[in-house]
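Trainee: Can you read through this structure? Questions will come right after.
Every read-out reported here was derived from the displayed coordinates using simple, explicitly stated rules and does not represent laboratory data. Since the model is a prediction, treat every value here as computed from it, not as a measurement. Backbone-built Cβ (ideal geometry, glycine too); neighbour counts: all protein chains shown.
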Amino acid sequence: MALQQLTEEQIRTWTRREKDEWWLKNVYRGDMAQLTIRSGITGFLLGGVLAATALYIAAKTGITIGVGLTSVILAFAVYRILNGAGLAKDFTILENNCTQSIATAAGYTVSWLTAGLSAYMLITGIIVPWWQIMIWATLTSLIGVLVAFPMKRRFINEEQLPFPEGRASGVVLDALYHGAAGAGMFKARLLAIVALATGTYQALVSDGWMKLIQFKILQMDKWAGLKEPWTFHERLDTYYYNAGGAALKILGTDFRVLGLRLTLDAAMLGVGGLMGIAVATSCLLGAFVNFVILAPMMIERGDIVPRVLANGTAVPLSRAEIVNQWSLWWGVAMMVAGALVGLLAKPELFTSAFKSLRGIGTNKAATAGPDPLQHIELPLWLSWVGVPVLSILAAYLTHIFFDVPMYLALISLPLIFVLTVICTNSMALTSWTPTGALSKITQFSMGAIDNSNPASNLLPAGMTAEIASNAANLLSDIKPGYMLGGKPRHQAMGHVIGLLAGVASCVPLYFLLFLPPDANGVRSTTTIISEQFAMPGALQWKGVAEIIAKGFGGLPTSALITMAFAVVIAIAIELARVMTRGRFPLSSVSIGLGVVLPPESTFAMFLGALLFWLMGLKHKTPGTRGHTVWVEGCEPICAGLISGAALMGIGNAILNVLMT
C-alpha cells in the first residue's frame with residue numbers, strides 16, 4: 001500500500017488543523033493494535049539486548065549505532081515464524097513500529113554512559129553508585145520525552161519535516177507488510193546466519209567460553225592435562241611473535257607498544273560496513289598519522305615516557321599511555337574544532353530552529369475549534385508541568401549526586417530547550433544530531449564559570465546533551481508512526497518503556513564490563529579504559545574537562561604545536577566539505593576519532609568498509625543476487641557481525657566473573 005502524504009502545496013498553504021483533519025481521516029488506523037502487551041514485552045526484551053550491543057560498540061569505538069531497522073526486521077521475522085507455526089498471530093504493522101520505538105529508545109541510554117559519566121569517574125576516581133546512575137539517566141530521558149511532544153506538533157504535524165532516518169523505517173515497515181515479506185525474511189535469515197557464525201568465531205577467541213567448554217563441560221583439565229584453555233588468537237600477529245619472529249619497530253619503538261596489531265575483530269568489520277568508506281578511511285588516516293608517524297617521534301624526543309607511580313611502580317608505555325600523555329590533545333582539538341565548524345557551516349539549522357520557537361506548543365487552528373487530535377496526542381499540560389518540575393529535580397540530583405553547585409545546574413537548564421530545538425531541526429533535515437558539538441558549548445560555558453570542579457562542566461553538559469538527543473531521536477521515531485497512522489500517546493508510552501529497558505540493561509552491564517571487582521571485591525575506575533575498550537567518547541570529554549581545569553600550560557610544547565595544526569587542518573577539511581557539498585572524502589571528526597581508537601580497530605573498520613564498498617561497486621544492478629546480498633543486505637550483515645560478536649563478548653565477561 002502506497003504511503004499517503006500531503007503535497008508540497010498542501011504543506012505550504014494548509015493550516016495545522018486542516019493537516020490534522022486530513023491525517024485523521026486518511027492515515028490514522030485507530031482500530032489497529034499498537035502498544036499491546038506483546039509488543040511492549042518484545043520491545044523491552046529486544047531493546048535490552050540491542051542496547052547492550054550498542055554499549056559494547058560505543059565503548060570500543062565511541063560510535064552509537066542505531067538499532068531501529070534491526071529491531072524491525074527481527075520483530076517481523078519472529079512473529080511471522082510464530083504465526084506460521086500457529087503459535088501466535090502475526091504482528092500488525094503498528095505493533096512492529098511500537099516495538100521499534102521501544103527498542104531504539106533503549107539504545108539512546110548508551111551515549112552518556114560511555115562519554116560524560118565515564119569521563120567524570122576517570123577524572124575524579126569516584127565510582128558513582130549504580131542506583132544513582134539509574135535514577136539520573138531515567139529522569140533526564142523522561143525530560144527528553146516531555147520536551148519532544150510539543151515540538152512534534154510543530155515539526156511533524158505542521159511543517160511535515162522529512163526526518164530521513166525515521167522515514168526510512170516507515171518505508172521499510174510498509175514494504176514488509178504490504179508486498180516485500182519475502183525480502184524481510186531474507187534479511188532476517190541473513191542477519192541470523194551471520195550472527196551465528198560470528199558468535200561461533202567469538203567463542204573461539206574468548207577465554208571465558210573456552211574455559212567453560214574445555215574445563216567445565218569437557219573436563220579436559222582432568223583427562224587431557226590441559227592447564228590453560230586453548231583459544232584462537234584474535235590478534236593474528238600473536239602467532240608470528242610466538243613463533244619467534246623478530247620484534248617490528250618504528251624509530252626503536254615496538255609495534256605492539258604502538259598498538260599496531262593485526263586483529264580479526266568481527267564487530268569492527270560490521271561497524272566499518274555501517275560507517276562507510278569515507279569515515280573509515282578518515283579514522284585510519286588519523287591512526288596512521290598518530291601511531292606510525294607522530295607517536296614514535298615523540299617517544300624518541302622524550303615527550304612520551306614511561307611513568308612512575310607514587311608507590312614506585314613503573315607504568316610501561318602502551319597505546320593507552322601514548323594517548324593519555326600526548327595524542328589525546330591533538331585528537332580532541334581536531335574533533336571539537338571539526339564538529340563546531342561543521343555545525344556553524346549550517347546556519348539554516350539555527351535560523352529554522354529559532355524560527356520554529358515561535359510556533360512550538362501553539363495551535364494555529366485553536367480559534368477555529370477544538371484540536372482534532374486531542375484524544376490521541378499526549379496532553380500538552382504534561383509537558384508544561386512535567387518539564388519544569390523534572391528539570392529542577394534533575395538539577396537538584398546533579399547537585400547531590402555529583403557535587404555540582406546548584407546554581408550551575410540551574411543555569412544549564414535554559415540551554416536544554418535551545419539545544420533541543422537545534423538538534424531536532426538537524427535530525428529532521430539530515431538524520432544527524434550535533435549533540436557532541438553542542439555539548440561542548442555547555443561544557444566550555446560552565447567551565448568558564450567554575451573551572452575548579454570537573455563535574456561542574458561534565459554533568460551539566462551531559463544532562464543537556466542527553467535530553468536534547470533523546471528528544472530529537474524520539475521525534476525521528478514518531479515520524480514512521482505518523483506515516484503509518486499510529487497513536488502518538490502509545491509511542492510516548494513506548495519510549496518510556498524503552499528507556500527503562502535500556503537503563504535496566506546497560507547500567508548493570510556497565511559495572512560488569514568496565515568496573516569489575518578485583519580478587520578482594522574492590523572496584524576501581526582504572527579499569528574503565530582497557531585494551532579491549534578504548535572509551536574514545538569518554539577520553540574526548542575528559543580531555544576538554546582537563547583543558548578547562550588546567551589550561552594549556554602543563555602540556556608539552558610539541559602537543560601545543562600539534563593541537564594548533566590540528567585545529568587549522570580541521571577547519572580546512574570542514575570548509576572543503578562545505579564547498580564540495582559533502583563530496584570531500586575526509587572528515588576531521590573521524591580523523592580525530594582515529595587518534596583515540598586502537599589502530600587495530602581502525603584497520604578492522606576500514607577492512608569492513610572497504611569490503612562493502614567494493615561489493616557495492618561490483619554488484620550495482622538491482623535485482624541481482626549480489627546486489628540483494630551485499631547492497632540491500634549490508635545492514636543485516638553488519639548487524640549480525642556486531643550483535644554476534646557483542647553478545648558473545650558480553651557473555652565472555654560474565655563467565656569470567658562467575659568462574660573467577
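Trainee: At residue 512 and residue 241, where each label point lies 7 Å from the Cα along Cα→Cβ, what is the point-to-point distance in nanometres?
Mentor: Calculated label separation equals 2.9 nm.
Trainee: Obtain the nm distance between the two label points defined at residue 11 and residue 581 by a simple spin-label model: each point lies 7 Å from its Cα along the Cα-to-C-beta direction.
Mentor: 1.8
Trainee: Can you give the FRET efficiency to the nearest 0.05 for residue 381 and residue 444, using r as the Cβ-Cβ distance and R₀ = 30 Å?
Mentor: Using R0 = 30 Å, I get an efficiency of 0.25.
Trainee: Determine the calculated [θ] at 222 nm for the chain from helices alone, applying -39500 (n - 2.57) to every DSSP H run no shorter than 4 residues and normalising by the residue count; nearest 500 deg cm²/dmol. Kindly include the intermediate steps, with their values, before the conclusion.
Mentor: Working: 30 runs with 432 residues, N = 660.
Roughly -21000 deg cm²/dmol at 222 nm, from the helical runs in the chain.
Trainee: Same structure, new question: Angle, helix 37-61 long axis vs. longest principal axis of the chain, Cα atoms, 0 to 90°, nearest 10?
Mentor: For helix 37-61, the angle is close to 40 degrees.
Trainee: Which value, in debye to the nearest 20, describes the size of the charge dipole of the stretch 68-220 about its Cα centre when Lys and Arg Cβ atoms bear +1, Asp and Glu Cβ atoms bear -1, and nothing else is charged?
Mentor: Charge dipole, the stretch 68-220, about its Cα centre: 220 debye, nearest 20.
Trainee: Something else about it: Under 5 Å between amide hydrogens, which residues at least 5 positions from residue 307 or on another chain qualify, with H placed 1.01 Å from N in the peptide plane?
Mentor: Here the answer is 315, since their amide H atoms fall under 5 Å of that of residue 307.
Trainee: With axes computed from alpha carbons, what is the tilt in degrees of helix 130-152 against the longest principal axis of the chain, rounded to the nearest 10 within 0 to 90?
Mentor: Around 40 degrees separate the two axes.
Trainee: Moving to a separate point now. Tell me which chymotrypsin sites (Phe, Trp or Tyr not before Pro) from the stretch 538-621 have a DSSP coil assignment and no more than 12 other beta carbons within 10 Å of their own.
Mentor: Those satisfying the criteria are 552.
Trainee: For labels at residue 532 and residue 628 in the simple 7 Å Cα→Cβ model, what's the distance in nm?
Mentor: 3.9
Trainee: Take the chain, mark every one of the trypsin sites (Lys or Arg not before Pro) that falls in a DSSP loop and has at most 11 other Cβ within 10 Å, then report the longest stretch left between them, sites excluded.
Mentor: It works out to 1-226.
Trainee: OK, next. Measure nothing but the geometry: give the 0 to 90° angle between the long axis through the Cα atoms of 599-618 and the longest principal axis through the Cα atoms of the chain, rounded to 10°.
Mentor: 50
Trainee: Right, another one. Using modelled amide H (1.01 Å from N, peptide plane; none on Pro or chain starts), what sits under 5 Å from the amide H of residue 250, excluding residues fewer than 5 places away?
Mentor: For residue 250, the qualifying residues are 255.
Trainee: Sticking with this one: Please give the FRET efficiency for residue 207 paired with residue 127, using the beta carbon to beta carbon distance and R0 = 30 Å, rounded to the nearest 0.05.
Mentor: Given R0 = 30 Å and the Cβ-Cβ separation, E is 0.75.
Trainee: If you don't mind, there's one more thing I want to ask. Longer than 20 Å from Cα to Cα, which of 249/542; 19/487; 19/479 are they? Say none if no pair is. Spell out each step's value before the answer.
Mentor: Working: 249/542 31 Å; 19/487 16 Å; 19/479 15 Å.
Too far apart for the 20 Å limit: 249/542.
Trainee: What is the calculated FRET efficiency for residue 37 to residue 197, with r their C-beta to C-beta distance and R₀ = 30 Å, to the nearest 0.05?
Mentor: Working from the Cβ atoms, E equals 0.30.
Trainee: Reachable aspartates and glutamates from residue 620, Cα under 12 Å, same-chain residues fewer than 8 places away excluded?
Mentor: Answer for residue 620, where 12 Å is the Cα cut-off: 632, listed by chain and number.
Trainee: With semi-axes √(5λ) of the Cα gyration tensor in Å in mind, check (i) 79, 28, 21; (ii) 40, 31, 24; (iii) 63, 29, 21 and report the label derived from this structure.
Mentor: Here semi-axes √(5λ) of the Cα gyration tensor in Å agrees with entry (ii).
Trainee: Using the Karplus curve 6.51 cos²θ - 1.76 cosθ + 1.60 with θ = phi - 60°, what ³J(HN,Hα) values do you get for each residue of the stretch 206-220, in whole Hz, with x for Gly and Pro?
Mentor: Working through the residues one at a time gives 10, 5, x, 5, 5, 5, 4, 6, 7, 9, 7, 8, 8, 6, 5 Hz.
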